[in-house]
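Written out below as structure tokens is the structure these notes cover.
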Amino acid sequence: MTEKYQIAVVGAGPGGLSAAAHAATLEVPHVLLEKSPAVADTIQKYQKGKHVMAEPGILPLRSEVPFAQGTREHILSEWDQSLADNGVNIQFGAEVTSIEGAKGDFRISLSNGQQVQAEAVVLGIGVQGNLRTLGVEGESPDFVEYQLDDPDAITDETILVVGAGDAAIENAVALAEHNRVTIVNRRDEFARAKDGNIALIQAAIESGEITCLYNSVPSGISPASDEPTRIVSFSTADGEATVAANRVIARLGAIPPRSLVESFGVEFPNKDPASLPILSTRYESSVEGLYVIGALAGYPLIKQAMNQGYEVVETILGREVQPADHDLLEDKFRTLGTNDSVDDVLARMQRDIPLFSEVNPLMFRELILDSKVHKPSQGELIFSKNDYTNSFYSILQGDVRIEVDSGTPIISGQGNFFGELSLLSGRRRSATVRAGDHCELIETPRKSMNKLLNSVAAAKKVLDETFVLRVIQGRFAPELSIEALQPIASAAKLNEYQAGETIFSEGDDADALHLIRSGSVSILKQYEGKDLPMSYVSAGNYVGEMGVLGGYKRSATVRASVKTQTVSIDADNFKKLLALNEDLRARISEVVSGRLKDNMSNQSSEEAGGVLDFLLQQGLGEATDVLLINKSLCINCDNCETACAQTHDGTSRLNRQGGAIFAEVHVPTSCRHCEDPHCMKDCPPDAIQRAPGGEVFIGDNCIGCGNCERNCPYDVIQMAYPGSGEKSFWRNLFLGEAQPVSNPDPVKWVTPNDAGASPQASAIKKAVKCDMCKDLSGGPACVRACPTGAANRLSPEQFVQTISERLV
Amino acid sequence: MFESFLIHRSMRWLRWSLVLMLIALVGYVAQDLPVPRNGGTAVGYALGTVAALLMVWLTWLGRRKRNYRSSFGTVKGWTSAHVYLGVALIVVATLHTGFQFGANVHTLAFVLMMLVCLSGIYGVWAYSRYPFKINENSKGKMRAALFEELKEEDRQIVRLVGQVDQEVDKVVRGALERTEIGTRYIDQLLGKDRSSVQLPDKGLCDNRDMKTVADYLVGVLDTCDNPSEAEAVQRLLTLMGRRARLLSRIREDVRLAELLRIWLIIHIPFAFAALAAVAIHVVAVFIYW
Ligand SMILES: Cc1cc2nc3c(=O)[nH]c(=O)nc-3n(C[C@H](O)[C@H](O)[C@H](O)COP(=O)(O)OP(=O)(O)OC[C@H]3O[C@@H](n4cnc5c(N)ncnc54)[C@H](O)[C@@H]3O)c2cc1C
Ligand code: HEM
Ligand code: SF4
Ligand code: SF4
Ligand code: SF4
């Protein structure tokens, strides 16, 4: 028998709980279906005792279920209590596998074979997805595990770890301390993991500590017997193989919920995994009567999910509800001095700015919520050339003056946008912009803009085209109008290269010029059979200029040093540009002859090439500023670290014991302030920001989720308790910094407060990293505290110059 | 871009130091006095005042170095000035004495000051020599990485001894445990290896450079008739050799790092002692005047 409800809520995360609780209070017949045995599986999986934050602070909570910042345990117990108090009808162990039917008559099937009927469905299943399983014959939970809580609890076993990502490697290495471990990789190399982890596993395999089966996929497991071990068989490149093991730990990642959601009929705008389902302003998906809320709808924080749970029930019941953010938007629009309603202003924005016209209104609302609205007075500075800011501006009214170099400023008016160059390339601003008459601007942060571009193909296309146009104009033909350049720009190509990919090779026919849009490239020359880097070219510049003059062979190899995008213009197309612009040929010829001379003088410096190669491997190709220590000047005094700790809540943001050394150049573990910071990518409260000076820093609204720590490829972010870290002056003067001596234990990166002080109950571990001392008047404390001049913070341009000065 | 404290700003402090020394010398030589030159003449007073002020300022480096928020110059600039003006102090103070020494507090103050200055000069020499040697010795690895490597090596050894005879297992594990990297400071300074090992019939033996345990393993290998065990022992031998080299590199790292900073043990306390002695010297001079 199937039961029928007015509302079925799928997923008992914060969003689902809130929706079900509201339905229960209103005495609407409802059911809450949760696949796991307890509420809020995502929160259950946070680390024990985690302090959960209630960001964004300014957003009010609108829900029957309580939520304020506190420990994970406290919040979960409050939620359990609230479920009971409100009389929510919840079913645990109820995993939804399909949803069919239409508004008024949905049929929901569960994995346990039951069916539920409902008039409307609220989908709040989050984005964690399902863990991938081995899916082989003989698999059972007492032998195959998908999680490893405490590696030290297992000793003296033969263990198979299946997988090649970070989790698999970390588990395998930790288990190998006390066990015999074989790691099973279905490919012939480890490529998906972080560099640090790849190095770790390769070293362990080389030393024989861990055995590795490459090109191998588990195909079956023998049934349990009296033996403690079972036989696992594999299909490998050379046929079948078997191993006897005590247990298998499979870390195969999670299947994102997207395909499941699509199977319900919900549409997405494109194939990009980052794109979000198409929703109305009231969270209704492309299936009428099926609503999507919470993380799955693109709202990454708990409070947002809970508010939407409440609102969506109101909507289903046909009541007019102002979203919880209404007052915030009203406040925001006050600067504009208009009497129009929030909805009217939003509609006007979408109408008057073509770029936003196709954006779905819900997403647009969110975008504006993240944005700032400005009404600058005439002549006011919006941003200066060479600032490192990367927000995006659209002009709602009036105009702005864009001052590129000394020429006449470009006037840009209503409906246009600017700031996309820095947004897309991560580079400094290429022009100064001032407000014109009656100017009204919308400033959108980079993260919100990227979210938009991932979902709205039309917007991305417009932006890409404009980028190519403006970059060609700025680089080659400032005198020419956009219209004149249009045909040339539309024939230009946008290319993307992975780190290490060759863009063109020495000796190739030179046929096109590449403008580097983001990332950077290294220029290499053959030297005794080896490719040695001679130089490095950053985004905003071009390479391969000989290509457009015709008749040349490539004189060097150009390779992407990090993930890089270029705009390429071929010779034929460039000829049109030359025809339009008299001086351009002379300018390009000059650059060509300059580079030819450079190549000559660089020829002899093999050592310089080696250092450059090393630095590029250290990720300096995407750095804007990096701490280098000259080992032949460093006296081990650690004053740099002490200075950093003392000026930053007692935790040093640089680790001098870490990092690699080549010749005498040491790159200690410290932030590189990347052009396109990986750490920013996945920060729920958007706490990582970039200051105008280029400093990437973490704001106070960090919720301590640890995403940035995982995303930074250079391991420079730590999770730490705030502390005072004050040291005794006299002690430090007479005893100095203790160096680890007779301690054969690995000398960990122990921070003063991590080592000793036990955390106070109220303290939460937050992400900390170098902020380049942007709040100190004199600049980087570490550099200023070094007594010998060993420590220095340099931009890539400076270090390339340093190297050539030293060695050429 | 990497400009050391010695060439900071094209050696501007060296130039000031030379000027100061020159003025002091000219002033000293140009005196036309009925008595032998000493600290009580007009020039003597002037030199004494400059020297005393210099000493106070030189000591202030210890404070400035720890004012991490200060943007009053950089510590590098301060060190540069400290070193060059410190050398000028030797000349200024020596001229101030007029070469009149005796067994009194005045000469004590001078001797203490000279000790500080001479240790400082050793320091500058150490700073320009040892960092280079340290980097050369550790082959591009920080100490933490060297210890990490040692731990890795030990892990492999422990794994291997699981496959050999109980007794060998015990000896080898014992050798790992009794490895000393320099528990006593003097051992660290000399890079002395006091490792030992407990052998079945010989008791506790010296195990410098893992030699004794290696000899023991060779003995085991000779009498071993189980091929798989022999192979394990052979690999143990290789690992022990690697471990010995790694240990000596760590010891050398510790030794060099200590030599790099040992002079501060004299420089800092004696700086304060000298300052105190100078204070007494000044008071004494004014009382007995
Ligand atoms: C480590 C970490 C720390 C975080 N810290 C914070 C913080 O401090 N503050 C904050 O505001 N946010 C934080 N977040 C984000 C926050 O957890 C999410 O935004 C929030 O959980 C999203 O809520 P949701 O209801 O959309 O989905 P979820 O919380 O993911 O809930 C989805 C629920 O649906 C269930 N489900 C899934 N599939 C099915 C199915 N097919 N059938 C039935 N049920 C199903 C799941 O078991 C789960 O219980 C953090 C996230 C992480 C990963
Ligand atoms: C009486 C004279 C001097 C006094 C009172 C004095 C005092 C000091 C003090 C207090 C420090 C601080 C140590 C620390 O904070 O770790 C110091 C450091 C130092 N001094 Fe002197 N000093 C004197 C002369 C000299 C001379 C003549 C030289 C060298 C030519 C010298 C070279 C140094 C050096 C190289 C340092 C180390 C800087 C550092 O590592 O931070 N000093 N001195
Ligand atoms: S934290 Fe890591 S990813 Fe972020 S800017 Fe610094 S180095 Fe780059
Ligand atoms: S620049 Fe400032 S925050 Fe960054 S490592 Fe140096 S002292 Fe620390
Ligand atoms: S402050 Fe300078 S000399 Fe001291 S440890 Fe740091 S880099 Fe080396």
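Out of the residues in segment B:2-34 that are exposed (fewer than 12 other Cβ atoms within 10 Å of the Cβ) and over 28 Å from the mean Cα position of the chain (by Cα), which is farthest from A:Lys631 (Cα to Cα)?
B:Pro34
If you check A:Leu480, A:Leu441, A:Leu494, A:Leu463, which single one turns out to be crowded, with 17+ Cβ neighbours inside 10 Å, of a type in the set (A, V, I, L, M) and over 21 Å from A:Leu381 (Cα atoms)?
Details: A:Leu480 fails: crowded, with 17+ Cβ neighbours inside 10 Å; A:Leu441 fails: over 21 Å from A:Leu381 (Cα atoms); A:Leu494 fails: crowded, with 17+ Cβ neighbours inside 10 Å.
The conditions single out A:Leu463.
Within segment A:518-531, take every residue that is in contact with a Lys or Arg (Cβ under 9 Å, 6 or more places away or on another chain) and more than 14 Å from A:Leu612 (Cα to Cα) and give me the one that is surrounded by the most Cβ atoms within 10 Å (Cβ to Cβ).
First, pick out the residues of segment A:518-531 that are in contact with a Lys or Arg (Cβ under 9 Å, 6 or more places away or on another chain): A:518-519, A:521-524, A:531.
Now narrow it down to the ones that are more than 14 Å from A:Leu612 (Cα to Cα): A:518-519.
Working: A:Ser518: 20, A:Gly519: 24.
Checked segment A:518-531; the qualifying residue surrounded by the most Cβ atoms within 10 Å (Cβ to Cβ) is A:Gly519.
Of B:Arg143, B:Arg155, B:Arg159, which residue is surrounded by fewer than 16 Cβ atoms within 10 Å (Cβ to Cβ) and not β-branched (Val, Ile, Thr)?
One residue alone meets the criteria, B:Arg155.
Checking A:Asp700 against (1) within 19 Å of A:Cys773 (Cβ to Cβ); (2) within 14 Å of chain B (Cβ to nearest Cβ); (3) away from ligand 3 (no atom under 14 Å from the Cβ): exactly one of these is not met. Which one?
If we test A:Asp700 against (1) within 19 Å of A:Cys773 (Cβ to Cβ); (2) within 14 Å of chain B (Cβ to nearest Cβ); (3) away from ligand 3 (no atom under 14 Å from the Cβ), just (2) comes out false.
Out of the residues in segment A:637-656 that are charged (D, E, K, R) and more than 9 Å from every other protein chain (Cβ to nearest Cβ), which is surrounded by the fewest Cβ atoms within 10 Å (Cβ to Cβ)?
Within segment A:637-656, the first condition is being charged (D, E, K, R), and the residues that meet it are A:638, A:641, A:649, A:653, A:656.
Retained after the next criterion (residues that are more than 9 Å from every other protein chain (Cβ to nearest Cβ)): A:638, A:641, A:649, A:653.
On the way: A:Asp638: 18, A:Glu641: 24, A:Asp649: 16, A:Arg653: 27.
Among residues in segment A:637-656 that are charged (D, E, K, R) and more than 9 Å from every other protein chain (Cβ to nearest Cβ), the one surrounded by the fewest Cβ atoms within 10 Å (Cβ to Cβ) is A:Asp649.
Within segment A:637-649, is even one residue modelled with pLDDT under 90 and either in contact with a Gly (Cβ under 7 Å, 6 or more places away or on another chain) or within 16 Å of ligand 2 (Cβ to nearest atom) (or both)? Working first, answer last.
Initially, segment A:637-649 is screened for residues modelled with pLDDT under 90, giving A:649.
Filter once more, keeping what is either in contact with a Gly (Cβ under 7 Å, 6 or more places away or on another chain) or within 16 Å of ligand 2 (Cβ to nearest atom) (or both): A:649.
Checking segment A:637-649: at least one residue is modelled with pLDDT under 90 and either in contact with a Gly (Cβ under 7 Å, 6 or more places away or on another chain) or within 16 Å of ligand 2 (Cβ to nearest atom) (or both).
For every residue, the table says whether it meets (1) modelled with pLDDT of 95 or more; (2) within 22 Å of the chain's Cα centre (by Cα); (3) assigned to a helix (DSSP H, G or I).
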{"position": "B:Arg194", "(1), (2), (3)": "no, yes, no"}
{"position": "B:Asp215", "(1), (2), (3)": "no, no, yes"}
{"position": "B:Leu221", "(1), (2), (3)": "no, no, yes"}
{"position": "B:Asp225", "(1), (2), (3)": "no, no, no"}
{"position": "B:Thr238", "(1), (2), (3)": "no, no, yes"}
{"position": "B:Gly241", "(1), (2), (3)": "no, no, yes"}
{"position": "B:Ala257", "(1), (2), (3)": "no, yes, yes"}
{"position": "B:Ile265", "(1), (2), (3)": "no, yes, yes"}
{"position": "B:Phe272", "(1), (2), (3)": "yes, yes, yes"}
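Return the residues of segment B:42-83 that are among the β-branched types (Val, Ile, Thr) and away from ligand 4 (no atom under 16 Å from the Cβ); say none if nothing qualifies. Outline the logic, then answer.
At the first step, the residues of segment B:42-83 found to be among the β-branched types (Val, Ile, Thr) are B:43, B:49-50, B:56, B:59, B:74-75, B:79, B:83.
Within segment B:42-83, B:Val43, B:Thr49, B:Val50, B:Val56, B:Thr59, B:Thr79, B:Val83 qualify.
Taking A:Gly659 as the residue in question, decide whether it is away from chain B (no Cβ under 14 Å), within 16 Å of ligand 3 (Cβ to nearest atom), crowded, with 18+ Cβ neighbours inside 10 Å and on the phi > 0 side of the Ramachandran plot. First the steps, then the outcome.
Details: away from chain B (no Cβ under 14 Å): no; within 16 Å of ligand 3 (Cβ to nearest atom): yes; crowded, with 18+ Cβ neighbours inside 10 Å: yes; on the phi > 0 side of the Ramachandran plot: yes.
No; evaluated as a whole, the condition is false for this residue.
On the basis of being outside any helix (DSSP H, G or I) and within 14 Å of chain A (Cβ to nearest Cβ), does B:Gln188 make the cut? Show your work before the answer.
On the way: outside any helix (DSSP H, G or I): no; within 14 Å of chain A (Cβ to nearest Cβ): yes.
Considered against the rule, which asks whether it is outside any helix (DSSP H, G or I) and within 14 Å of chain A (Cβ to nearest Cβ), B:Gln188 comes out as no.
In segment A:392-408, how many are out of contact with any helix residue (DSSP H, G or I) (no Cβ under 8 Å at 6 or more places or on another chain) and in contact (Cβ under 8 Å) with a residue 24 or more places away in the chain?
Step one: list which residues in segment A:392-408 are out of contact with any helix residue (DSSP H, G or I) (no Cβ under 8 Å at 6 or more places or on another chain), which gives A:393, A:395, A:398-403, A:405-408.
From the residues that got through so far, the ones that are in contact (Cβ under 8 Å) with a residue 24 or more places away in the chain too are A:393, A:395, A:398-403, A:405, A:407.
Looking only at that region, the number is 10.
Could you tell me whether segment B:88-110 includes any residue that is part of a helix (DSSP H, G or I) and either within 16 Å of ligand 3 (Cβ to nearest atom) or within 14 Å of chain A (Cβ to nearest Cβ) (or both)? Show your work before the answer.
In the first step, residues of segment B:88-110 are kept if they are part of a helix (DSSP H, G or I); the result is B:88-97, B:105-110.
The next check asks that each one be either within 16 Å of ligand 3 (Cβ to nearest atom) or within 14 Å of chain A (Cβ to nearest Cβ) (or both); those that pass are none.
No, there is no match, as no residue in segment B:88-110 is part of a helix (DSSP H, G or I) and either within 16 Å of ligand 3 (Cβ to nearest atom) or within 14 Å of chain A (Cβ to nearest Cβ) (or both).
Within the set of pairs 6 or more residues apart or between chains, which connect a residue that is in the same structural domain as A:Val768 (by TED's automatic domain parsing) inside segment A:637-666 to a residue that is of a type in the set (D, E, K, R) and modelled with pLDDT under 90 with Cβ atoms less than 6 Å apart?
The qualifying pairs are A:Asp638/A:Glu737.
Those residues that are farther than 27 Å from A:His326 by Cβ and either within 16 Å of ligand 4 (Cβ to nearest atom) or touching a residue at least 60 places away in the same chain (Cβ under 8 Å) (or both), I need them from segment A:50-83; list them, please.
Those that are farther than 27 Å from A:His326 by Cβ and either within 16 Å of ligand 4 (Cβ to nearest atom) or touching a residue at least 60 places away in the same chain (Cβ under 8 Å) (or both): A:Lys50, A:His51, A:Leu83.
Being within 22 Å of the chain's Cα centre (by Cα) and hydrophobic (A, V, I, L, M, F, W, C) is the filter here; which residues of segment B:47-84 pass it? Steps first, please.
Step one: filter segment B:47-84 for residues within 22 Å of the chain's Cα centre (by Cα), giving B:58-66, B:75-84.
Within segment B:47-84, B:Leu58, B:Trp60, B:Leu61, B:Val75, B:Trp78, B:Ala81, B:Val83 meet the criteria.
If you check A:Leu463, A:Leu469, A:Leu424, A:Leu452, which single one turns out to be modelled with pLDDT under 85, of a type in the set (A, V, I, L, M, F, W, C) and part of a helix (DSSP H, G or I)? Explain how you work it out, then say what you get.
Values: A:Leu463 fails: modelled with pLDDT under 85; A:Leu469 fails: modelled with pLDDT under 85; A:Leu452 fails: modelled with pLDDT under 85.
Being modelled with pLDDT under 85, of a type in the set (A, V, I, L, M, F, W, C) and part of a helix (DSSP H, G or I) holds for just one of A:Leu463, A:Leu469, A:Leu424, A:Leu452, which is A:Leu424.
Go through B:Val116, B:Val158, B:Val171 for me and flag whichever is within 16 Å of ligand 2 (Cβ to nearest atom), in a helix (DSSP H, G or I) and β-branched (Val, Ile, Thr). Don't jump to the end; show me each part of the working.
On the way: B:Val158 fails: within 16 Å of ligand 2 (Cβ to nearest atom); B:Val171 fails: within 16 Å of ligand 2 (Cβ to nearest atom).
Exactly one of B:Val116, B:Val158, B:Val171 is within 16 Å of ligand 2 (Cβ to nearest atom), in a helix (DSSP H, G or I) and β-branched (Val, Ile, Thr), namely B:Val116.
Can you list the strands (runs of 3 or more DSSP E) lying wholly within segment A:516-581 that have 3 or more residues being over 25 Å from A:Ser422 (Cβ atoms)? Explain how you work it out, then say what you get.
Working: elements: A:520-527, A:530-538, A:557-560, A:564-570.
Of the strands (runs of 3 or more DSSP E) lying wholly inside segment A:516-581, those with at least 3 residues that are over 25 Å from A:Ser422 (Cβ atoms) span A:520-527, A:530-538.
Would you mind finding the one in A:Gly693, A:Gly706 that is more than 30 Å from B:Glu153 (Cβ to Cβ), away from chain B (no Cβ under 11 Å) and either within 16 Å of ligand 4 (Cβ to nearest atom) or at pLDDT below 70 (or both)?
Numbers: A:Gly706 fails: either within 16 Å of ligand 4 (Cβ to nearest atom) or at pLDDT below 70 (or both).
Of A:Gly693, A:Gly706, the one residue that is more than 30 Å from B:Glu153 (Cβ to Cβ), away from chain B (no Cβ under 11 Å) and either within 16 Å of ligand 4 (Cβ to nearest atom) or at pLDDT below 70 (or both) is A:Gly693.
Considering only residues of segment A:777-797 that are under 27 Å from the mean Cα position of the chain (by Cα) and either aliphatic (A, V, I, L, M) or not in a loop (DSSP other than H, G, I, E, B) (or both), which is farthest from ligand 1 (Cβ to nearest atom)?
Initial filter on segment A:777-797 (under 27 Å from the mean Cα position of the chain (by Cα)): A:780, A:793-797.
When the remaining residues are screened for being either aliphatic (A, V, I, L, M) or not in a loop (DSSP other than H, G, I, E, B) (or both), the result is A:793-794, A:796-797.
Details: A:Arg793: 32, A:Leu794: 35, A:Pro796: 33, A:Glu797: 38 Å.
By that ranking, first place goes to A:Glu797.
Looking at B:Arg208, B:Arg261, B:Arg249 in this structure, which one is out of contact with any helix residue (DSSP H, G or I) (no Cβ under 7 Å at 6 or more places or on another chain) and away from chain A (no Cβ under 11 Å)? Walk me through how you get there before you give the answer.
Numbers: B:Arg261 fails: away from chain A (no Cβ under 11 Å); B:Arg249 fails: out of contact with any helix residue (DSSP H, G or I) (no Cβ under 7 Å at 6 or more places or on another chain).
That would be B:Arg208, the only listed residue that is out of contact with any helix residue (DSSP H, G or I) (no Cβ under 7 Å at 6 or more places or on another chain) and away from chain A (no Cβ under 11 Å).
Given the options A:Glu240, A:Glu209, name the one that is touching a strand residue (DSSP E or B) at 6+ places or on another chain (Cβ under 7 Å) and not assigned by TED's automatic domain parsing to the domain that holds A:Pro273.
Values: A:Glu209 fails: touching a strand residue (DSSP E or B) at 6+ places or on another chain (Cβ under 7 Å).
After ruling out the rest, the residue left standing is A:Glu240.
Which residue is nearest to ligand 5 (Cβ to nearest atom), if the candidates are limited to segment B:130-165 and must be among the polar types (S, T, N, Q) and facing another protein chain (nearest Cβ under 8 Å)?
From segment B:130-165, those among the polar types (S, T, N, Q) are B:135, B:137-138, B:156, B:163; that's our starting set.
In the following step, the residues that additionally are facing another protein chain (nearest Cβ under 8 Å) were identified as B:135, B:156.
Working: B:Asn135: 11, B:Gln156: 32 Å.
It comes out as B:Asn135.
The values are calculated or read from the model by the stated rules, or taken from the named source; none is laboratory data. Just so you know, these numbers come straight off a predicted model, no measurement behind them. Please note: Cβ atoms are built from the backbone with ideal geometry, for glycine as well, and neighbour counts cover all protein chains shown.
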